[in-house]
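In what follows, a single structure is set out as structure tokens and then discussed.
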Amino acid sequence: MSASSMRPPVDPLFQFLLSTMGGVFVFLFFVARDYLRGLGWLLGSWDPNMGHATEDALISKANRSALLIAAVLLAWAFMGPSPYRRNWEIEVMGIGTGMLLAYVVIIRLAASRVKRLLG
């Protein structure tokens, strides 16, 4: 009997919540990779465009990142179950949910800033 078979299973809700948080962080990393590398966002003032020149550039990067992550998640879902991971589909759904949550927040905030600037 191997050590992995003796380990108690992870609660599916906890696994989903951890995967959702992972999806948010992965999406934010893809969108604001250059901005988050430096510590200016932590020690200085917060840039609402996350290092991008305009809101349009931020929205474009968010769209490209969402498409890339969605393609990876679809490929992962089509590969099927893994013999090493229990409830692998919960992880796919959690990462997708986290990505969508971060995507909606970024797009809504950027669009409201553009709308406010244009009058």
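The values are calculated or read from the model by the stated rules, or taken from the named source; none is laboratory data. Computed from a predicted structure; not experimentally measured. Neighbour counts are summed over all protein chains in view; Cβ atoms, including those assigned to glycine, are modelled from backbone coordinates with ideal geometry.
Output yes when any residue across region 77-89 is within 18 Å of L28 (Cα to Cα) and either in contact (Cβ under 8 Å) with a residue 24 or more places away in the chain or surrounded by 14 or more Cβ atoms within 10 Å (Cβ to Cβ) (or both), and no when none is. No, region 77-89 contains no residue that is within 18 Å of L28 (Cα to Cα) and either in contact (Cβ under 8 Å) with a residue 24 or more places away in the chain or surrounded by 14 or more Cβ atoms within 10 Å (Cβ to Cβ) (or both). Could you tell me whether any residue of region 23-31 is more than 25 Å from G96 (Cβ to Cβ) and either at pLDDT below 95 or buried (at least 19 other Cβ atoms within 10 Å of the Cβ) (or both)? No, because not a single residue in region 23-31 is more than 25 Å from G96 (Cβ to Cβ) and either at pLDDT below 95 or buried (at least 19 other Cβ atoms within 10 Å of the Cβ) (or both).
Close contacts from region 97-111, counting a first residue that is in contact (Cβ under 8 Å) with a residue 12 or more places away in the chain and a second that is of a type in the set (F, W, Y) and crowded, with 16+ Cβ neighbours inside 10 Å, with Cβ to Cβ under 6 Å and a gap of 6+ residues or different chains, come to M99/F27; A102/F27. Looking across region 43-54, the residues that are among the aliphatic types (A, V, I, L, M) and out of contact with any helix residue (DSSP H, G or I) (no Cβ under 9 Å at 6 or more places or on another chain) come down to L43, A53.
Taking the criterion of being touching a residue at least 60 places away in the same chain (Cβ under 8 Å) and touching a His at 6+ places or on another chain (Cβ under 9 Å), the only residue of region 8-42 that qualifies is V31. Of all the listed residues (S82, S65), the sole one being modelled with pLDDT under 90, of a type in the set (S, T, N, Q) and closer than 22 Å to L18 by Cβ is S82.
Got a sec? Which helices (runs of 4 or more DSSP H) wholly within region 15-99 have at least 2 residues that are within 15 Å of the chain's Cα centre (by Cα)? Write out each step before concluding.
Working: elements: 33-37, 40-43, 55-79.
Because the criterion is at least 2 residues that are within 15 Å of the chain's Cα centre (by Cα), the helices (runs of 4 or more DSSP H) in region 15-99 that meet it are 33-37, 55-79.
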